[in-house]
1. Condition check: of a type in the set (F, W, Y) and in a strand (DSSP E or B). Does F10 satisfy that?
2. Pull up the range 39-51, narrow it to residues that are within 9 Å of the chain's Cα centre (by Cα) and in contact (Cβ under 8 Å) with a residue 40 or more places away in the chain, then point me to the one that is surrounded by the fewest Cβ atoms within 10 Å (Cβ to Cβ).
3. Report yes if some residue within the range 24-38 is among the hydroxyl-bearing types (S, T, Y), in a strand (DSSP E or B), open to solvent by less than 30 Å² (accessible area, probe 1.4 Å) and touching a Cys at 6+ places or on another chain (Cβ under 9 Å); otherwise report no.
4. Looking at L60, L65, which is the one that is open to solvent by 30 Å² or more (accessible area, probe 1.4 Å), at pLDDT 95 or above and touching a Gly at 6+ places or on another chain (Cβ under 9 Å)?
Amino acid sequence: MHTPPGLYTFRIKGRLGPTAMSAFPAMECEHCCGETLLVGPVEDRAALFGVIAQMEALGLELIELRRHEQDDPSR
């Protein structure tokens, strides 16, 4: 199954510090209400699973994953 490139938001439990953030150089970071939002482009399915694997390797708790449509005004 092919996953086209897109903009994704990853909602993670807790506040990521600079060291953890360095694992996601292509992502923008926002902190809100004890959670961290990582927002950035993901090129394909393999890259998406790579980001998720990196989060797991760092022991991060992924709360939500959202792909934004190109015309999505929320991002």
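1. So F10 fits the description; yes.
2. For the range 39-51, the residue satisfying everything is L48.
3. Within the range 24-38, the subset among the hydroxyl-bearing types (S, T, Y) is 36.
Next cut, in a strand (DSSP E or B) only: 36.
Retained after the next criterion (residues that are open to solvent by less than 30 Å² (accessible area, probe 1.4 Å)): 36.
Now drop any that are not touching a Cys at 6+ places or on another chain (Cβ under 9 Å), which leaves 36.
Within the range 24-38 (the criterion being among the hydroxyl-bearing types (S, T, Y), in a strand (DSSP E or B), open to solvent by less than 30 Å² (accessible area, probe 1.4 Å) and touching a Cys at 6+ places or on another chain (Cβ under 9 Å)), the answer is yes, since at least one residue qualifies.
4. Values: L65 fails: touching a Gly at 6+ places or on another chain (Cβ under 9 Å).
Result: L60 is the single residue among L60, L65 that is open to solvent by 30 Å² or more (accessible area, probe 1.4 Å), at pLDDT 95 or above and touching a Gly at 6+ places or on another chain (Cβ under 9 Å).
The values are calculated or read from the model by the stated rules, or taken from the named source; none is laboratory data. Quick caveat: nothing in here was measured; it's all calculated off a predicted structure. Backbone-built Cβ (ideal geometry, glycine too); neighbour counts: all protein chains shown. SASA here: full protein model, heavy atoms, side chains in, ligands and nucleic acids out. Shrake-Rupley method; radii C 1.70, N 1.55, O 1.52, S 1.80 Å.
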